[in-house]
Each structure stands twice: as C-alpha cells, then as structure tokens.
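Down below is the structure, laid out as structure tokens.
The values are calculated or read from the model by the stated rules, or taken from the named source; none is laboratory data. Values in this document were obtained by computation on a predicted structure and should not be read as measured data. Positions of Cβ are generated from backbone atoms using ideal geometry, with glycine treated the same way; all protein chains shown enter the neighbour counts.
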Amino acid sequence: MNLYSGIFYQGVNSMNSITKRLLSITAACTLCFSASPLTANADTYYYKGDVNNSGTVDVADVTAITQYLRGILSADGVYAERLDVNRDYVIDDKDLQEVKKIVIGTAQTKSVRSVNTEMTTGQEATSYRKYNAQTGASLGTYGLMPVPNISASRSANTRNIIGDDERVIDYSKSGIVRLDYKKIITNNSVSMTRTFTGTGFIVGNHKIVTAAHCLNTAFDVTYTLYNSDGTEKATYNAINYHLPQKFISGTNDNPDYDYAVVTVAEDLSSYQCFNVGVCRDDILDLEPNVYITGYAGNASPANRNLTRNIVTGSGKFIDDGSGNIISSKVLYYSTDTVGGTSGAPIYVKDSNGVMTVIGIHRGGFSTYNWGRRIDSNVLHFIYNNDELN
C-alpha cells in the first residue's frame, strides 16, 4: 500500500511549482466560480478522507485525489468538498498527504458533517489552439474531452461498512482461505508489481472459488489456511485459476462474470467444504440474514482491530436505490465488508443453522454491497467442468 501510494505521490510531487500553482488556482476557481449549484443534504455525514464516497478510507481515496490533482479526474458538488480534506478551501497536496496518513494509520479519520454549498460542475469539452512561441504562428487547434468525475465507484476495489460495523472475528470456518497474488500495475507510464489480497472458499478436494476480478492478470497466487485459534496453518502455491472469457474480454465493472475457480495440488478434504446452491427470488419473503465470511485486509474507521483477520458480518438484502434487491445475476445486501473480502461466500442459514452459499462477494457502493448470484451457469462451471479435474 505504501509503495502504491508513494508512486502516485511521486508523480504529484514531481510537478514544477508553476503546475502546482495552476492546480491550486484551478481547484480554487472550481470551488468558487462554476455555475449550476449542487447542494448536499445538510444531514449528510461522511468519513474524513473518504474522497470517493465509498464508505471507507483506503488507497482508492489516495488514487482519487492524486488523479484529481493530475487532471485525470474532475469533481463536482459533494466530491469537491470531500477533496478538501483539511477544509482549508483549497484542494492541493496537503489534502493528499492527510489522506495518506489516515490510510497508513498515522492519523485518524472521523465522521464529519457535509456543509457542501459548492457551485461546481463537471468538465466540458474544450478546444485549444497551439502557437509557436517564437514566431506567433498558429500550429493548429485541438480539443480535450471531459475526464470522468470522481464518483463512488462500483469497481471491485470498493467494499463498504453500512452503518455500524457489526462484523466479528470468526475462525470457525476452516474452508475460508486467504488468497495472495501479484499484478503489474501501470500508472503514469510507471509499472510496478503490487501484492493484493482476497478471499476464497473451498468447494471441493482441490477447488477454491473466488471472484474473477481478484485473479484477472494475477501471478504468484498463493492460498493460506487457518487454524481455529486464528494462527496460520499453511500457505501453498495455487496450480491454476479459471476465469470466464467474457470477464477477461469485457470490463471489470460487469459483475455478471465475476467468478473464478482456483485449482490446487493439496488434498483439502479435511477442511470445510461449502455447500453451494441457488436462491429463489422468493427468498426475500423470508427476510433472511445474509452472511459473509472473509479476510479483512483493510481497516474500517470504526473497527481497526478486525484488520488482517477472518471475520463474519451479517446483514439483510437491501434495495440498491433503483429498486433492485435481487437480479438474475446480482445480489444486493447490507452486510459489512472491507477490502480483502472480495471472493468471499455470501450465504444464508436454515432453521438448523446449515449454511448454503448463494453468491460470491464482489464489492460495494455507498449504501450497499453486492455480489455475483449463484446460478446454474456458476454451478456448471464449478462442478461440471472437466478442465478443473
């Protein structure tokens, strides 16, 4: 995380003083002089440093504010207020440094009240003309299309605590594994190798299910098993992983194909094997608790003691704000999660406490989390697939 943040900081820090002044002036003008006012609800609260409105303060916020300062993202309304982390009415490197301190734990976040009265809007397409500075001759015109606004991304990198953090440490499920893997990340033409963490769950003697976005382009994949007292039992190298082709050729923002299977050489028959099934839409009539057990790689502002543990959260199915609770391929729920929980099982329990996995956790938005619903396609992929044997 520090390396990741450092690369971005290096990019911002390398700007010359004129560029820095221009960024500060641009930010100040954005705050003060744009038209079309956007006003936040006076009763809205958010975590200081939660730049992208994801519900947690993490490296994604470092990325967002860095990209804003680099002109890769724009901001309007509520997001302009969030960028001004130290509330000095200027968005600059000091705000970036404040977020980095929160992420690495040298500063604390807190719940702050939105007082947004920003009169800011997103960018518009603009044409420019280029001149030779020595002769004054025109060298032609060019246009810049608007860059995207900072938003509460639905990407797989976002997981959320909905309301109070109600998760508890739970090492009772031996079929939960921590996945570690590496990817080559390129930002501003600088490539670096980063290590990521996700969650998987055992579904067969040599099979572990997780989310496709965890493993797409990954290498050096390992999985770690835990003892019931929370100590690490063993770490092994994975043999292969399998992803839907439509996920690889599509976009990581499409949850329809966000599922994967890891195959391993070790015999996992002595560990818990999760029961996987398909829930009906009518399950909503039962108003069941929706559970997720997975690895807590990132801290939530209110419950940092859970970090780097296997934890279980419980919530309910929830409306995503557009009337969706269950779709043909996606489940929406209030169960608390953080980064590192991607790929964890979403499960329900019957009256006898028997668990059935009905989905694979993917990510979150500001007021809900979501995952890939288990359907016949996923079952076919997991259980009726000779390539996994």
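List the strands (runs of 3 or more DSSP E) that sit entirely inside the range 162-234 and contain at least 2 residues that are without any contact (Cβ under 8 Å) to a residue 60 or more places away in the chain.
Output list reads 176-187, 190-204, 219-226.
Within the range 260-272, identify whether any single residue is more than 18 Å from Val378 (Cα to Cα), modelled with pLDDT of 90 or more and not in a loop (DSSP other than H, G, I, E, B), and answer yes or no.
Step one: of the range 260-272, the residues more than 18 Å from Val378 (Cα to Cα) are 264-272.
Next, only the ones that are modelled with pLDDT of 90 or more stay: 264-272.
Right, trim to not in a loop (DSSP other than H, G, I, E, B) and you get none.
Within the range 260-272, none of the residues are more than 18 Å from Val378 (Cα to Cα), modelled with pLDDT of 90 or more and not in a loop (DSSP other than H, G, I, E, B).
So, of the residues in the range 318-373 that are touching a residue at least 60 places away in the same chain (Cβ under 8 Å) and aromatic (Phe, Trp, Tyr), which turns out to be nearest to Asp50 (Cα to Cα)?
Residue satisfying both the conditions and the ranking: Phe365.
Of the residues that make up the range 246-259, is at least one outside any helix (DSSP H, G or I), under 18 Å from the mean Cα position of the chain (by Cα) and modelled with pLDDT of 85 or more?
yes
What number of residues in the range 341-357 are touching a Lys or Arg at 6+ places or on another chain (Cβ under 8 Å) and crowded, with 24+ Cβ neighbours inside 10 Å?
2
Somewhere in the range 367-377, is a residue modelled with pLDDT under 95, of a type outside the set (S, T, N, Q), surrounded by fewer than 18 Cβ atoms within 10 Å (Cβ to Cβ) and touching a Ser or Thr at 6+ places or on another chain (Cβ under 9 Å)?
Looking through the range 367-377, at least one residue is modelled with pLDDT under 95, of a type outside the set (S, T, N, Q), surrounded by fewer than 18 Cβ atoms within 10 Å (Cβ to Cβ) and touching a Ser or Thr at 6+ places or on another chain (Cβ under 9 Å).
Sort out which residues of the range 295-328 are at positive phi and either modelled with pLDDT under 85 or acidic (Asp, Glu) (or both), and write them in order of number.
Within the range 295-328, Gly321 is the sole residue that qualifies.
Go through the range 353-377 and report how many residues are part of a loop (DSSP other than H, G, I, E, B), more than 15 Å from Tyr291 (Cβ to Cβ) and not small (Gly, Ala, Ser).
Residues meeting the conditions: 4.
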